[in-house]
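All remarks here apply to the structure that follows.
Computed from the coordinates by the stated procedures, all read-outs in this text should not be read as laboratory data. Keep in mind that this is a model prediction, so the values were computed, not measured. Cβ: placed from backbone, ideal geometry, glycine included. Neighbour counts: every protein chain shown.
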Amino acid sequence: MDQLLRVGHPTAADSRRPAGLGRFGEYGGRFVPESLVPDCEEVERAFIEAWADPLFRAELHHVLSIYVGRPTPLTPAARLSAELGINLLLKREDLTHTGSHKINNVLGQALLARRMGKRRLIAETGAGQHGVATATAAALLGMEATVFMGERDTERQQLNVFRMRMLGAEVVPVTSGSRTLKDACSEALRHWVTAVEDSYYCLGSAMGPHPYPWMVRQFQRVIGDEARTQCASALSAGTPDFVVACVGGGSNAAGTFAGFVDTPARLVGVEAAGGAAINAGSTGVLHGFRSKVLQDEHGQISEAHSIAPGLDYPGVGPEHAYLADLGRASYVTVDDAEVVAATHRLARTEGILCALESAHAVAWVIRAAGDGTIPPGSTVMLTLSGRGDKDMSTLMELS
Ligand SMILES: Cc1ncc(COP(=O)(O)O)c(C=O)c1O
């Protein structure tokens, strides 16, 4: 195991860049087998160089614009706003190519992998959206892709499994443990150890060993940066009162919050009640990083549960644990029933079928506007992380 360096306790303003070995306060770090340390270091070096290289940034910007369709719109949710007595704006990551924010991070990492001379991408996926994005980027750049997915998720997200295979990726069902995202992550990390020579681990959220939590947030900050500019022209106050996003591993929320962390906006991350690492977890180590995790008194990782496979994870990215400790962001939970109701309500009021993950954020806004936590007349910027096609079979079964 790599030694973790304790390098002081940065303030909220420093939360943009982790200290030492990727430390966000006491969280983060790099807890990986010795054999993976040089590979994490190689990724870190490559990312620092690439991120400072105007040519890399220009190529990423170009592909995000002509292939992904960025900037995504900021849509006023007029009818739902009227019902709730607030001004709700939706950052439409559901309108990206492949249908979720995952593509922003994947294209960044895939371009990085190509720059590093790798020919194959390895990924884990829960909802299948990160897997689809990885398969898409591999096809676009002429690379191979292998995606690990819990067997249970392959059953509830069959559409995405088919999409990945259509795009030429190998999908490996993982049969261990709870057969969900946690087990897919473990298997992808195990596989990376054996294939590191020619393969790049394209991690799908703002978690994992350093530099992934930081790098993924930097690739996702395009959401927050765009939304900040869009809010500046849409709102007389310039910034919204609340900025809300769902939190699984935490990438769409981290990217969204990055654009608003230095404003007075209240940042709210919404966890699944059954996967609430910040609200119900304690400090521990999982998948190469220290953060809040769901665990029993012996440190055994507990199983998460959520109707949304992308939030069905017992940990959370280290930056969120840190922002929670600082009090800069608050983290709340909603349950499956509220999520299903919110999905239907958004569909009927706005004509948008969102992903069950994204509906967590919508559900909290509905509840908080109802009980006054969000005062009447407030402006709320909500990141709608993905579209709901993948969840139609789950919703069909429920109805
Ligand atoms: C549409 C969508 N939103 C949110 C998430 C949660 O991931 P993160 O917390 O990294 O944004 C997922 C994960 O699969 C997803 O597919």
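At-a-glance table
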quantity: Calculated Rg and Dmax of the stretch 221-353 using C-alpha coordinates, Å; calculated: 15.8, 52
quantity: Crossing angle, helix 54-63 versus the chain [Cα axis fit, 0-90 degrees, rounded to tens]; calculated: 60
quantity: Mean projected area (nm²) of the alpha-carbon convex hull when the stretch 345-392 is viewed from all directions; calculated: 3.5
quantity: Within straight-line cross-link reach of K91, aspartates and glutamates at Cα separation under 12 Å, skipping those fewer than 8 residues along the same chain; calculated: D225, E226
quantity: Cβ crowding within 10 Å averaged over residues, with 332-339, 230-237, 188-195 ranked highest first; calculated: 332-339, 188-195, 230-237
quantity: Largest-first ellipsoid semi-axes for the stretch 13-95, taking √(5λ) over the Cα gyration tensor eigenvalues, angstrom; calculated: 36, 21, 12
quantity: Convex hull per residue volume in Å³, alpha carbons only, for the chain; calculated: 126
quantity: Degrees, to the nearest 10: 37-51 long Cα axis against longest axis of the chain; calculated: 60
quantity: Gaussian network model of the chain, Cα within-10 Å springs - most flexible of A280, A113, A52; calculated: A52
quantity: Mean Cα-pair separation over length for the chain, i.e. relative contact order, pairs under 8 Å, 6 or more apart, %; calculated: 19
quantity: From phi via Karplus (6.51, -1.76, 1.60), per-residue ³J(HN,Hα) for the stretch 230-244 in Hz, x at Gly/Pro; calculated: 5, 5, 4, 8, 8, 10, 5, 6, x, 10, x, 6, 10, 10, 10
quantity: Using distinct alpha-carbon pairs, which all enter the 1/r mean, Kirkwood radius of the stretch 82-127 in Å; calculated: 13.4
quantity: 5 angstrom amide H check on R266, placed H, neighbours 5+ away; calculated: F242, V243
quantity: Dimensionless Rg ratio for the stretch 54-151, taking C-alpha atoms and the 2.2 N^0.38 Å reference; calculated: 1.30
quantity: All lysines inside 19 Å of K390 as judged from Cα atoms, apart from same-chain residues fewer than 8 positions distant; calculated: K102
quantity: Mean Cβ neighbour count within 10 Å, used as a protection proxy, ranking 367-380, 343-356 highest first; calculated: 343-356, 367-380
quantity: Lysines whose Cα lies under 17 Å from that of K182, excluding same-chain neighbours fewer than 8 positions away; calculated: K292
quantity: Span from the the stretch 199-260 Cα centroid across to the the stretch 63-138 one, whole angstrom; calculated: 11
quantity: Relative contact order for the stretch 69-210, counting Cα pairs under 8 Å that sit 6 or more residues apart, in percent; calculated: 23
quantity: Kirkwood-type radius of the stretch 290-375, with distances r between different C-alpha atoms, in Å; calculated: 14.5
quantity: Angstrom value of the Kirkwood radius, inverse mean 1/r, which spans all Cα pairs in the stretch 103-174; calculated: 11.7
quantity: Fraction of the pair-distance distribution of the stretch 202-275 above 14 Å, Cα-Cα pairs, percent; calculated: 60
